[in-house]
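The values are calculated or read from the model by the stated rules, or taken from the named source; none is laboratory data. Everything quoted here is computed from the prediction, not taken from an experiment. Every residue, glycine as well, gets a Cβ built from its backbone with ideal geometry; the counts of neighbours run over all protein chains shown. Ligands, DNA and RNA are stripped out before the accessible areas are found, and what is left, the full protein with its side chains, is counted by its heavy atoms. Shrake-Rupley method; radii C 1.70, N 1.55, O 1.52, S 1.80 Å.
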Amino acid sequence: MAFVVRVMATGVFDLLHPGHVYFLREARALGDELWVVVARDSTARKFKHEPIMPEAARFQMVEALKPVDRAVLGHEGNIYDILDEIRPDIIAIGYDQVHSEERILAECRKRGLTTKVLRLPKFEGDLVGTRKIVRKVAEWLALQERLDKVERGNTRHAADPPPRPRRRKPAGRKRNA
């Protein structure tokens, strides 16, 4: 029987982007099987942000990715309880993930695991984060709104101050001729 090196990676995977693909490919290259834990909505709220995509949709997207051998939803509450089920040989964490290598190792040791924890290098590129994607979409929508106003003949931008009212002359005064 051959020994299989099981790698575990975790994340929210809210809006999939090239950084996610890089992370999962690099994690997969570390072993024979890649198990990906997709964070629950409650976990995403606790550690990152309100998810844009619900956990079921995020799970389906991750499960369909080529580097992923098995995707699972994380546990509610204690995020480390999943270690008892997966029993990974290696845990790959992204360069920007808030997880502490020491804390992960301690949780593994508590469960009798000799797991290695590896922080993967940063991926350089455009739109490699959910916040960057959201910001880019917001900028695009604002531009479209401004273009629509120009096309309709209203060139005033939302950031422009309102037009100043014309001053009226007080009633009862006549202009000298």
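Within the range 22-77, if we keep just the residues that are polar (S, T, N, Q) and touching a residue at least 24 places away in the same chain (Cβ under 8 Å), the residue that is nearest to residue 124 (Cα to Cα) turns out to be 43. Note on the range 120-138: residues that are modelled with pLDDT under 75 and of a type in the set (Gly, Ala, Ser) amount to 2. Tallying residues that are open to solvent by 80 Å² or more (accessible area, probe 1.4 Å) and not in a loop (DSSP other than H, G, I, E, B) within the range 56-76 yields 4. Within the span defined as the range 78-85, one or more residues are open to solvent by less than 70 Å² (accessible area, probe 1.4 Å) and within 18 Å of the chain's Cα centre (by Cα). Number of residues in the range 1-55 that are hydrophobic (A, V, I, L, M, F, W, C), open to solvent by less than 50 Å² (accessible area, probe 1.4 Å), farther than 13 Å from residue 89 by Cα and touching a helix residue (DSSP H, G or I) at 6+ places or on another chain (Cβ under 6 Å): the value is 6.
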